[in-house]
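The values are calculated or read from the model by the stated rules, or taken from the named source; none is laboratory data. All values reported here derive from a predicted model rather than from experimental measurement. Here the Cβ positions follow ideal geometry from the backbone for every residue, glycine too, while neighbour counts run over all protein chains shown. Protein only, heavy atoms only, side chains kept; ligands, DNA and RNA dropped before computing areas. Shrake-Rupley method; radii C 1.70, N 1.55, O 1.52, S 1.80 Å.
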Amino acid sequence: MKINSIKYFSKEAFKNVFSNGWMSLASIFTVVASLMMFGIFMVMVLNINHMMTKIEADYEITLTVDEAYDAEQTEQLGKVLATIPNVSEVIFESKAERMELLRDQFGDNASLLDTYQNEKNPLRDWYKIRCIDLSKSSETVSEVKQLGGVAKVISNGETIRKLTAASGYISRMSVWIMLALTIISIFIISNTIKLTVFSRSREINIMKFVGATDWFIRWPFIIEGMLIGVIGAVVSGVIMSFAYEGLINMFASLQIGFVDFIDLKDIVLVINLVFFFMGIGLGAAGSLISVRKHLKV
Amino acid sequence: MIIFSNVSKTYENGTKALDNISFYIDRGEFVFIVGPSGAGKSTLIKLLMHEETATSGDVIINNVKVNGLNQKQIPYLRRNMGVVFQDFRLLPKKTVYENVSFAMEIVGASRREIRRQVPSVLSMVGLSHKAKMYPSQLSGGEQQRVALARALVNNPAFLIADEPTGNLNPKTAMEIVSLLNEVNKRGTTVVMATHAKDIVDQMKKRVIAIEDGVIARDEARGVYGYEN
Ligand SMILES: Nc1ncnc2c1ncn2[C@@H]1O[C@H](COP(=O)(O)OP(=O)(O)O)[C@@H](O)[C@H]1O
Ligand SMILES: [Mg+2]
């Protein structure tokens, strides 16, 4: 494309956005509505994934060591655990350490535990292990159970797997919904823009008689669409960011422990970048579709 | 040059608008296409511009078979060919200047070329002083001059006009035709479909008369030959 033409196209696009003021406003509104719908699902999926990552990162299998095992044997067990392929981390807590932790938790009432010191400590040493691949945690659990010196294995892998499956399902559904929303948006936007194109169909006709190529006619419309898209993106980006902040603050004040949202500062850029490119894409695609059938002269 | 070789055109509804017509127009000629309403004049012009395609036969312009062009090549055919219509076909939201410069934007001309060429054609058609006006602010004759300026700004080899004086009063019509004659003298081939008897009779140019889709007459220095 020639520089002269780029200048011409941009000038035409800007003129058209303003001379079709109401229609541009309607198109911008459509873009905003589409992006907001899209954004709600996007933010939801991002947060679900975020929470799942955290939950999974916290997941551990706990196994108590048989009381009959002495210190050396216990240490040996730890080495064996570390050789299991799916194990990423092995953490040892002796019964003395565990008692200390318990006393910490009891705080002022720690004296209640005074009778359970040293030889009278009823707790057992335990190992906590983390998995590389959570989906294989049940295999790991059964592997661990077969080891000598393992008294008891505590694992909430099943619950987490169910959660993971549910969140994966929700994410996949959301992606499809987002895809559908995008397609629907393109058609709605193209229909809004179509009205302005229709009023210019005679002009398009004239341009073709003078020898304009299809792309020469399309470009101003595409740039106009992108302009509308960018304006829509900025508007919805601002609304979405504030709405998200509001949501976080609301949940923070409710103090629901396990709900852990992505920080505003971490998601704001994502929202706005996605909106920016989606807006440009929606506007350009909408324009392309709506100008298409007027070009057949 | 323009060659029609055994050209027929039947519209989709079955109307046979042109029936096996052949003629040759040399470079630099000025030719009137005349004939009663419905004879097929506009169809002939549309075939030249590739707005319609011939059902059979060949339309050849400057060694190019127009009916063999694909959709992508048509704009380039039209750039070599200024076109003027009865209804002017100006872009309503563009000024006189912009309507003319538009034809140069299409071919990707530079600012410098545009600034040189547009005022020059506007002055040729006598509209320099109205460059900033919009088509709706102009008389019919003035609008047709703008259309003419637009048609000429890229120095086309051909000027094709379909009833360019149809909406104008006799005096204005004559002015437009004088301009066409001027353009022709500079070397542009002019083909003008018309049923303006006075003009045809006065100009004494080649006349191709069409009746019911066939060539009834082709005279070097012809007259209109019909009662309007
Ligand atoms: N698009 C069309 N579809 C069907 N018939 C048409 C079309 N355009 C013109 N015609 C018919 O073709 C014949 C020639 O028309 P036209 O070329 O416009 O004649 P003229 O310009 O000499 O008045 C007429 O009978 C007209 O009704
Ligand atoms: Mg006609």
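For segment A:60-155, the relative contact order comes to 52 percent (Cα pairs under 8 Å, sequence separation of at least 6).
Close amide-amide hydrogen proximity is noted between A:Ala151 and A:Thr64, A:Val65, A:Asp66, each under 5 Å apart and 5 or more residues distant or on a separate chain (H modeled in the peptide plane; Pro and chain starts excluded).
Converting phi to 3J(HN,Hα) with the Karplus coefficients 6.51, -1.76 and 1.60 and the offset θ = phi - 60°, segment A:17-24 yields 4, 7, 6, 9, x, 5, 5, 4 Hz in sequence order, with x at every glycine or proline. Counting only heavy atoms of the protein chains and using a 1.4 Å probe, A:Lys162 has close to 140 Å² of accessible surface. Heavy-atom accessible area, probed at 1.4 angstrom with all protein chains present, ranks A:Trp219, A:Trp126, A:Trp22 as A:Trp22, A:Trp219, A:Trp126, highest first. For a straight C-alpha distance cut-off of 21 angstrom, the lysines reachable from B:Lys197 (same-chain residues fewer than eight places away being disregarded) are B:Lys41, B:Lys171, B:Lys205. Computed from the Cα positions only, the extents of segment A:60-155 along the three principal axes stand at 42, 26, 16 Å, in decreasing order. Chains A and B together bury roughly 2200 Å² of accessible area, counting both sides, with a 1.4 Å probe on protein heavy atoms only. Counting lysine pairs in segment A:171-297 that sit 8 or more residues apart in sequence, or on different chains, and whose Cα atoms lie under 24 Å apart gives 5. In this simple spin-label model, placing a label point 7 Å from the Cα along the Cα-to-Cβ direction at both A:Gln105 and B:Glu98 gives a separation of 7.6 nm. For A:Leu102, A:Leu254, B:Leu18, the ranking by accessible surface with the largest value first comes to A:Leu254, A:Leu102, B:Leu18, using a 1.4 Å probe.
What FRET efficiency would be calculated for the residue pair B:Asn155, B:Ile60, taking the C-beta separation as r and a Förster radius of 25 Å, to the nearest 0.05? Efficiency at R0 = 25 Å is approximately 0.70. Peptides B:50-60, A:24-34, A:221-231 ranked from most to least packed by the mean count of surrounding Cβ atoms within 10 Å: A:221-231, A:24-34, B:50-60. Between segment A:169-185 and segment B:186-215, how far is it from one alpha carbon centroid to the other, in angstrom? Rounded to whole Å, the Cα centres lie 64 Å apart.
With a Cα cut-off of under 24 Å and a minimum spacing of 8 residues unless on different chains, the lysine pairs in segment A:60-155 number 16. Centre-to-centre, using Cα atoms only, segment B:90-168 and segment B:1-51 are separated by 26 Å. Stretched out straight at 0.36 nm per residue, the stretch from A:Glu67 to A:Thr159 would grow longer than its current Cα-Cα span by 30.2 nm.
What aspartates and glutamates could a cross-link reach from A:Lys7, if we take a straight Cα to Cα line under 16 Å and drop same-chain neighbours fewer than 8 places away? Cross-link targets: A:Glu224, B:Glu98, B:Glu105, B:Glu113. Look at the Cα gyration tensor of segment B:28-101: its axes a ≥ b ≥ c give a/c of at least 1.5 with a/b at or below b/c, and that counts as oblate. In this simple spin-label model, placing a label point 7 Å from the Cα along the Cα-to-Cβ direction at both A:Phe251 and A:Asn49 gives a separation of 1.6 nm. Using C-alpha pairs under 8 Å with a sequence gap of at least 6, the mean separation divided by the residue count of segment A:80-231 gives a relative contact order of 19 percent. With the largest listed first and rounded to whole Å, the semi-axes of the equivalent ellipsoid of the protein assembly as shown from the Cα gyration tensor are 84, 24, 17.
Counting every C-alpha pair in segment B:182-228, the share spaced more than 18 angstrom apart comes to 29%. The amide H of B:Ala161, built 1.01 Å from its N in the peptide plane, has B:Val84, B:Val191, B:Met192, B:Ala193 as neighbours under 5 Å, considering only residues 5 or more places off or on other chains. Each stretch of four or more DSSP H residues adds -39500 (n - 2.57); spread over every residue of chain A, this sum gives -25000 deg cm²/dmol at 222 nm.
Based on Cα contacts under 8 Å between residues 6+ apart, chain A shows a relative contact order of 30 percent. Identify the residues of segment A:152-187 with backbone N under 15 Å of a label point that sits 7 angstrom from the Cα of A:Lys145 along the Cα-to-Cβ direction, or state none. Once the point is set 7 Å along Cα→Cβ of A:Lys145, A:152-159 turn out to lie under 15 Å by backbone N, inside segment A:152-187. For chain A, the equivalent ellipsoid derived from the Cα gyration tensor has semi-axes of 64, 21, 14 Å, listed largest first.
By the compact-protein rule of thumb, 2.2 N^0.38 Å, the alpha-carbon radius of gyration of chain B corresponds to a ratio of 1.00. Residue by residue, segment B:54-67 carries 3J(HN,Hα) couplings of 5, 6, 8, x, 10, 10, 10, 10, 6, 6, 10, 7, 4, 6 Hz when phi is fed to the Karplus relation 6.51 cos²θ - 1.76 cosθ + 1.60 (θ = phi - 60°); x denotes Gly or Pro. Across segment A:167-176, coupling constants 3J(HN,Hα) worked out from phi with the 6.51/-1.76/1.60 Karplus curve, θ = phi - 60°, read 5, x, 5, 4, 4, 5, 4, 4, 4, 5 Hz, and Gly and Pro carry x. Annotation for A:Leu195 and B:Asn13: the two label points, set 7 Å from Cα along the Cα-Cβ direction, are 3.2 nm apart. The mean number of Cβ atoms from other chains found within 10 Å of a Cβ in peptide B:106-112 is 5, as a whole number. Each pair of Cα atoms in segment A:170-279 enters the Kirkwood radius, and Stokes-Einstein at 37 °C and 0.692 mPa s then converts it into a translational diffusion coefficient of 191 µm²/s. In a simple Cβ point-charge model (Lys, Arg +1; Asp, Glu -1; nothing else charged), the protein assembly as shown has a dipole of about 3560 debye relative to its Cα centre.
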